[in-house]
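K.L.:
What follows is a structure written as structure tokens; I'll ask about it next.
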Amino acid sequence: MDVAAFLQEVCAMQGQSGMEGRVAKRIAEEFSKYCENVHIDTLGNVRGVMGEGTPNVLVCAHMDEVGLIVTAIEDNGFLRIWQMGGVDPRILPGSVVTVYGKEIVKGVIGPKPVKPGDDPAKAAGLNELAVDLGLPYEEVVKIISVGDPVCFTVPMTRLMNDRVAYKTFDDRACVTSMIVAMEELSRVKLNCRVEFCASTQEEVGSRGAKVATYDVDPDLAIAFDVNHATTPGVEPWNTMPIDKVGVGMGPTIHPAMFKRLMDTADALGIDVGIDPSGEYTSTDADDILETRQGVPVALIDLPLSYMHTMVETISLKSCKEAGRLLAGFLKGVDENWEEWLCF
């Protein structure tokens, strides 16, 4: 697949938590190239199956994005907003956004003028910001309502060294890695049943993953999400080089699943780094782990800079390599899975 072209298309789509419908339809189309029984479930998850037999493996990457929601319309036509997911207010002044109402309209979030005595270094809070559509109140209320989603509007930027910056790579870049794995797996016979899931509402509590895991009732699972890439001013042990693929480790992660992923990476020559978590991973993995009687889970991470901004940055090479790691792992899963899972 053309990874960059797919990312440019799918990340442009509006799809905040609970509002992923348009994105789900497009991802379902892509799943259908490789999977059987592709469907969108009650909570909006896109699910598709490859292979048959045992064990039953769930692979999960979320497709929702962080964004904003209209909370009020001022008498002057400006829109008050609040966050959906973890949006940092510091990035908002100067942003171009799109509001999805009865009509789709663009607006800007402009900063307030700095007055004498103000601290120009102090960031404005969400309650101090508003969206300017350039319309009077009477026109705004005809097309915009409280509850309408507000989405960042930026172009995808190609950087040097096979890197790209865009909105919503968290976590549609990992959905893309999952599809890279599907493409590779379509050329071999799988010795297990794999259910791929593009999950909903991760940014507000991994709700889609909980529902999908309960329904699939997997023997094993792999969650797929981003982690923080190396960033100026951040301690190096809290980040990972952007050109690596991360493998999660910690209480959420089953030791045998971790070892199996690391062995697969070594066999395939994939440059990986260990992503330790002392308590929670803050990904779908945490909720998959605790579903039903418990699920042995692993975590693959894609390093990403500037998380939850409109310039999230990844390495296209790492995006592809993460898919190759997933495919390699799944190729090695067969009916003898319980033997190596013991620890």
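K.L.:
Before we move on, is Val87 assigned to a loop (DSSP other than H, G, I, E, B), under 17 Å from the mean Cα position of the chain (by Cα) and either at pLDDT below 95 or assigned by TED's automatic domain parsing to the domain that holds Lys210 (or both)?
P.N.:
Considered against the rule, which asks whether it is assigned to a loop (DSSP other than H, G, I, E, B), under 17 Å from the mean Cα position of the chain (by Cα) and either at pLDDT below 95 or assigned by TED's automatic domain parsing to the domain that holds Lys210 (or both), Val87 comes out as yes.
K.L.:
So which residues in the range 254-300 are in contact with a Lys or Arg (Cβ under 7 Å, 6 or more places away or on another chain) and hydrophobic (A, V, I, L, M, F, W, C), if there are any at all?
P.N.:
Leu268, Ile270, Val272
K.L.:
Of all residues in the range 291-335, how many are modelled with pLDDT under 95, of a type in the set (S, T, N, Q) and more than 21 Å from Val216 (Cβ to Cβ)?
P.N.:
Looking only at that region, the number is 1.
K.L.:
In this structure, is Ala267 surrounded by fewer than 19 Cβ atoms within 10 Å (Cβ to Cβ) and either in contact with a Phe, Trp or Tyr (Cβ under 7 Å, 6 or more places away or on another chain) or outside the structural domain of Leu58 (by TED's automatic domain parsing) (or both)?
P.N.:
no
K.L.:
Give the range 37-74 a look and list any residue that's within 26 Å of Met307 (Cβ to Cβ) and not in a strand (DSSP E or B), or say none.
P.N.:
Correct list: Leu43, Gly44, Asn45, Met63, Asp64, Val66.
K.L.:
May I pose another question? Among strands (runs of 3 or more DSSP E) lying entirely in the range 136-201, which contain 1 or more residues that are over 30 Å from Asp75 (Cα atoms)?
P.N.:
163-166, 193-199
Let's see how each residue does on (1) surrounded by 22 or more Cβ atoms within 10 Å (Cβ to Cβ); (2) at pLDDT below 95:
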| residue | (1), (2) |
| --- | --- |
| Glu184 | no, no |
| Glu195 | yes, no |
| Thr200 | yes, no |
| Lys210 | no, no |
| Asp219 | no, no |
| Phe224 | yes, no |
| Thr230 | no, yes |
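K.L.:
Now, a different point. Considering the range 30-76 alone, what residues qualify as being surrounded by 18 or more Cβ atoms within 10 Å (Cβ to Cβ), of a type in the set (D, E, K, R) and under 26 Å from Ile91 (Cα atoms)?
P.N.:
Correct list: Asp64, Glu65.
K.L.:
Quick check on the range 289-315: of everything there that is surrounded by fewer than 18 Cβ atoms within 10 Å (Cβ to Cβ) and of a type in the set (A, V, I, L, M, F, W, C), which residue is nearest to Ser277 (Cα to Cα)?
P.N.:
Ranking the candidates gives Met307 first.
K.L.:
Every residue in the range 202-219 that is under 23 Å from Gly21 (Cα atoms) and assigned to a loop (DSSP other than H, G, I, E, B), please.
P.N.:
Gly205, Ser206, listed by residue number.
The values are calculated or read from the model by the stated rules, or taken from the named source; none is laboratory data. The structure displayed is predicted, hence computed values, not measured ones. Cβ atoms come from the backbone with ideal geometry, glycine included; neighbour counts cover every protein chain shown.
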